Amino acid sequence: MKKCIIISDSFKGTLSSSEICEIVEERLPHYFPGCSLIKIPVADGGEGTVACFHEACGGELISVPVSGPYHEEITASYLQLPGGQAVIEMASAAGLPQVEGRKDPCKTSTYGVGQMIRHAVEHGNRKILLGLGGSCTNDGGCGCAAALGVKFTRADGSSFIPVGGNLDQIAGIGLQEAQQFLRNVSLSAMCDIDNPLYGPTGAAYVFAPQKGADEQMTAFLDQQLIALSHTIETQLGCSVAAIPGAGAAGGFGAGMVAFLGAELQPGIEAVLELVNFDSLLADCDMVFTGEGRLDTQSIRGKVISGVAKHAKQQNVPVIAIVGGVMPDVEELCDDPSVGLSAVFSINRQAIDFEQSRFFSRENYTYTFNSILRLIRAAQPKG
């Protein structure tokens, strides 16, 4: 084995993607000295997205003073890459850690996220990748849109910046200024969930409780998102409520599409495109991937399926190293169209996750060592 790639999702609550890359980098030379290793840490669009892309692609971190969730001044950073590309994570300007002890999704705003996008565009970036995740907001992306020039007006004609608790006050939406500002800009959002904008599986009912909403506020926020959806449909002539990912980040997914003309794409596809994964696969002998739990979702648009799909096109074998393996994926793993060569679980003992998680690094290292020994034993002699 002369060249391999490690591109694994994190094992939530136990191992970060970067830590997994470190383990592979440390153990590989013991079994295959001189083997070239390409490390690609992966994030899901939430907190840590910029750090992962910085580690994988280099670039320069740009710090910008912006408005925080309650319009207080904070400093947020985005990643400037060569070729006029920027990576922004909304969590840096509107994330849960910034409202610890004062959560209120009726009042928090994504305005600062829009300020970051504006700064990146004004400094020559024409391709913006925005990570949706880890938000403390439920404003449907209206704050971000307002910072980029979208005009929201009430029935009396007065302009305002909507938040989660007054989306039903929007009577008019003006896109002209924002469209002019973004006319030559490609805007994409990393989105790894497929929740609609509202309803039982929408932004409010699924995610608002972790942002501080009680049962009554959750129902109220859902009604606000319904009102926003109807206003978008009547004012802009587009229906975004049922778009997979519309409910991401408090409805930010819907707002990205409706107000800014953005594209929602699976996070792994954005990562693979940005790092030129298909080119990296040239002359590659093996790809190692994985995540905390292999289930049917893993085969539909997540890290493992995205990596395997691309590797299969170039006949590069893929080994998935995972935490747990759910029983309903066995047939899928055997499906040649999926592209997985083998799956290994790091769990060595039948113990509860609350105990096993403390041994995740040790268990991953043990499993990876075993895989490398197996590959080495299968190499042609001489």
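Structure data summary
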read-out: Whether region 137-253 is rounded, prolate or oblate, judged on the alpha carbon gyration tensor where a/c under 1.5 counts as rounded; value: oblate
read-out: Prolate/oblate/rounded label for region 49-267 (Cα gyration tensor, a/c 1.5); value: prolate
read-out: By average C-beta atoms within 10 angstrom, highest first, the peptides 187-198, 319-330; value: 187-198, 319-330
read-out: Relative contact order computed over region 223-288 (Cα-Cα under 8 Å; 6+ residues apart), in percent; value: 16 percent
read-out: Estimated FRET transfer efficiency (S279, S341; beta-carbon r; R0 30 Å; 0.05); value: 0.90
read-out: Axial C-alpha extent at least 15 Å, average Kyte-Doolittle at least -1.0 - helices from the chain (DSSP); value: 17-31, 111-122, 215-236, 248-260, 303-313, 360-378
read-out: Square roots of five times the Cα gyration tensor eigenvalues for region 189-326, Å; value: 35, 19, 10
read-out: Those aspartates and glutamates that a straight Cα-Cα span of less than 14 Å connects to K151, excepting residues fewer than 8 apart in one chain; value: E177
read-out: Cross-link table K2/K39; K3/K312; K107/K211; K2/K302, entries beyond 20 Å C-alpha to C-alpha; value: K2/K302
read-out: Whole-Å distance, taken between Cα centres, linking region 309-368 and region 149-184; value: 47 Å
read-out: Inter-centroid distance (Cα atoms) of region 67-142 relative to region 207-276, Å; value: 15 Å
read-out: Antiparallel %, DSSP beta bridges [both residues in the chain], to 5; value: 35 percent
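A short reminder: the numbers here are calculations on the coordinates, not readings from a lab. Keep in mind that what you see is a predicted model, and the values were worked out from it rather than measured. Backbone-built Cβ (ideal geometry, glycine too); neighbour counts: all protein chains shown.
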